[in-house]
Amino acid sequence: MDIILIAAVTANGMIAKSHDEIITWSLDLHLFRKQTTGFPVIMGSNTKKTLATDLDERQLIVFHRQDDPKEILSKLDSKKCFIIGGGKTYSVFAPYLTHLYLTPHPLIFGKGIPLFFELDGNLELNFQTLVEIDPAKGVYQYQYKVRRDIHHTR
C-alpha cells in the first residue's frame, strides 16, 4: 500500500501558524480533494478540529497519541492512504511513508508548526513528478518517493 504524506507548506516548511488554525491560505485544496477522494485519510485530533468542511467520500481515521500507527495501517484495505496532518502525526507515520506530496506556497510564517516535530535522521526522497497548481503564483505540488533507511524517535 502507498502511504502518502500530503501537505501544503510555507516556503520555510510550516504547515500552520498554530494547532487550531483553519487553513485559508492553501491554493491546492482542489487537488487535495481530487487526490484523496475514495481513499482513507489519517489525521491527528488537532487537525480534525481545524477542518472547515467535511471530507466526504473518504474514510476518516483520527489518530491519537496512544494509537499504534502500524496497527492502524494494517487494518486498511486500500491501494493507498493519505496522512494529512499535523506535524506530530507526520512524525509518527514517518517510518511508514512511501511518498510525499508537498505544495510549497509563497508565504513565510515567523512562527508556526513544522512539517515534522520529531524526526531522527533523514527522509531520502526521489523526485517523481511536478503537478501544476497556479503557475502565475509559482505554486506546484512536488511528488517524491521515499527511499527507506530513516530513524524515527517518538
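For W25, which of the numbered conditions (1) part of a loop (DSSP other than H, G, I, E, B); (2) under 23 Å from V131 (Cβ atoms); (3) out of contact with any Leu (no Cβ under 7 Å at 6 or more places or on another chain) fails to hold? For W25, the exception is condition (3). Would you please name the residue that is modelled with the lowest pLDDT, looking only at residues in segment 103-127 that are in contact with a strand residue (DSSP E or B) (Cβ under 7 Å, 6 or more places away or on another chain) and farther than 15 Å from V9 by Cβ? Of everything passing the filter in segment 103-127, E124 is modelled with the lowest pLDDT. Which numbered condition in (1) surrounded by fewer than 19 Cβ atoms within 10 Å (Cβ to Cβ); (2) touching a residue at least 40 places away in the same chain (Cβ under 8 Å); (3) of a type outside the set (V, I, T); (4) closer than 27 Å to P135 by Cα is the only one that S18 fails? (4) is the only condition that S18 fails. Hey, among the residues in segment 130-140 that are assigned to a strand (DSSP E or B) and touching a residue at least 60 places away in the same chain (Cβ under 8 Å), which one's surrounded by the fewest Cβ atoms within 10 Å (Cβ to Cβ)? Taking the candidates together, the pick is D134. For segment 128-137, the criterion of being of a type in the set (V, I, T) and out of contact with any strand residue (DSSP E or B) (no Cβ under 7 Å at 6 or more places or on another chain) is satisfied by no residue at all.
Within segment 76-101, residues that are farther than 23 Å from K34 by Cα reach partners that are acidic (D, E) with beta carbons closer than 8 Å, at six or more positions or on different chains, in the pairs K88/E118; S91/E118. Against the criterion of being surrounded by 15 or more Cβ atoms within 10 Å (Cβ to Cβ), under 17 Å from the mean Cα position of the chain (by Cα) and aromatic (F, W, Y), F116 qualifies.
Yes/no per residue for (1) hydrophobic (A, V, I, L, M, F, W, C); (2) surrounded by 15 or more Cβ atoms within 10 Å (Cβ to Cβ); (3) assigned to a helix (DSSP H, G or I):
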| position | (1), (2), (3) |
| --- | --- |
| F109 | yes, yes, no |
| N122 | no, no, no |
| Q128 | no, no, no |
| Y142 | no, yes, no |
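The values are calculated or read from the model by the stated rules, or taken from the named source; none is laboratory data. Being a predicted model, the structure only gives us computed values, none of them experimental. All Cβ positions, even for glycine, are placed from backbone atoms using ideal geometry, and neighbour counts span all protein chains on display.
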